[in-house]
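Working notes for the structure below.
The values are calculated or read from the model by the stated rules, or taken from the named source; none is laboratory data. Nothing here was measured: the structure is a model prediction, and the numbers come from that model. Please note: Cβ atoms are built from the backbone with ideal geometry, for glycine as well, and neighbour counts cover all protein chains shown.
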Amino acid sequence: MQIYKIETEENGRELTIHGSHDFPCGSYDERFSHFVGGEVPWHWHDEIEVVLVIEGATKVECINSSDIVKTGEMVFINANTLHKLTNHGTEDCRILNVVFSPKMLGGVDFGLIYKKHVLPVINNKELLLYKFSGNKAWHQQVINELATAFNVWKEQGSDREFYMNIALMKFWHIFCTNQQDITVSQNTVKANEKRIQSLLNFIHSNYEERISIADISQAANISESECYRIFRNALSCSPNSYLLNYRLRKSVQLLTESNKKIADIAYESGFNCSAYFAKKFRLTFNVTPMQFRKNYSVTLDHPLANNFPITQTKSS
């Protein structure tokens, strides 16, 4: 079975290059069963992302907000937004998504369209995600527009870039025209966003060491109780569970990309006991580390093969 991965910087920024320099847009067809743990962990990227659910449902989470996106529905995730996608329900969720540079919508770098209709939206720190459910005519219109573009892209015709660009422009125009409050920019980053970023940066930089909640809290100059509160409200988990999950995902990289011994991988991933590591790994992934190594393989030619946040995957 293939697994898709997304590498990130220590601050959670995804390293994947979506598309190319002359066409900064990537389109993907994915199932959550192809992601370790059935989820796309916390990460962010400079690009805008639009996700259309074809089968099943996904839970999309951002800081202090989340929504369930079901079959036939679509979600917009703003540029530079920390987010996570998880399979919701028992059906293996399948998504089509496009990740693209905001500059594609402007035609000319920092031209009038970009400054007037794009920049105010991506700078709106209150707009993290927006769901299109089809219960409004214009919602269904943008869903249909992108669905057709995905089909054209899959056929790999010589004009697919042209068609996708037009579809994204139509999507943006309809979105901005019908939901005008998305362009109301607050221009201030919430204190909690800065704090959670500081906390995550510390974990990503020090997960290999023995770190305590006190150590994590100190990274943002807050109390331990405040640290727990921020993680609970922003990421719906405790700092302990986030650290454990991050370490386990780092171990997945080592299991699939190296021939190191399981015990060595445990220690390099931040576990001071290989037996404890094996126990937690099995509870999370339903297989032992050794079984995982035998059953799973990284497919390097997949667009996401070298891209697994570890918050580090995306949905992209």
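For region 220-242, indicate whether the set of residues that are in contact with a His (Cβ under 6 Å, 6 or more places away or on another chain) and over 19 Å from Lys84 (Cβ atoms) is non-empty. No, there is no match, as no residue in region 220-242 is in contact with a His (Cβ under 6 Å, 6 or more places away or on another chain) and over 19 Å from Lys84 (Cβ atoms).
Here are Ala219, Ala214: which of them is closer than 29 Å to Glu126 by Cβ, surrounded by fewer than 21 Cβ atoms within 10 Å (Cβ to Cβ) and not polar (S, T, N, Q)? Give the derivation first.
Numbers: Ala214 fails: closer than 29 Å to Glu126 by Cβ.
Selected residue: Ala219, the only one of Ala219, Ala214 that is closer than 29 Å to Glu126 by Cβ, surrounded by fewer than 21 Cβ atoms within 10 Å (Cβ to Cβ) and not polar (S, T, N, Q).
If you go through region 92-124 one residue at a time, how many are among the charged types (D, E, K, R) and farther than 20 Å from Val51 by Cα?
3
The lone criterion from (1) assigned to a strand (DSSP E or B); (2) under 26 Å from Asn295 (Cβ atoms) left unmet by Val53 is number (2). The condition of being over 21 Å from Gln179 (Cα atoms) and either surrounded by 17 or more Cβ atoms within 10 Å (Cβ to Cβ) or acidic (Asp, Glu) (or both) holds for Asp22.
For region 132-176, a residue qualifies if it is of a type in the set (S, T, N, Q) and within 21 Å of Thr58 (Cβ to Cβ), and the qualifying residues are Ser133, Asn135, Gln140, Asn144, Asn151. All of Ile213, Ile203 fail the test of being within 19 Å of the chain's Cα centre (by Cα) and at pLDDT 90 or above, apart from Ile203.
One line per residue, one yes/no per condition, for (1) outside any helix (DSSP H, G or I); (2) among the hydrophobic types (A, V, I, L, M, F, W, C); (3) surrounded by fewer than 13 Cβ atoms within 10 Å (Cβ to Cβ):
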position: Ile196; (1), (2), (3): no, yes, no
position: Glu208; (1), (2), (3): yes, no, no
position: Gln253; (1), (2), (3): no, no, no
position: Phe277; (1), (2), (3): no, yes, no
position: Lys280; (1), (2), (3): no, no, no
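Go through the residues of region 147-168 one by one and say whether even a single one is of a type in the set (Lys, Arg) and touching a helix residue (DSSP H, G or I) at 6+ places or on another chain (Cβ under 6 Å). Yes: one or more hits.
The one condition from (1) in a helix (DSSP H, G or I); (2) surrounded by 17 or more Cβ atoms within 10 Å (Cβ to Cβ) that Ala263 does not meet is (2).
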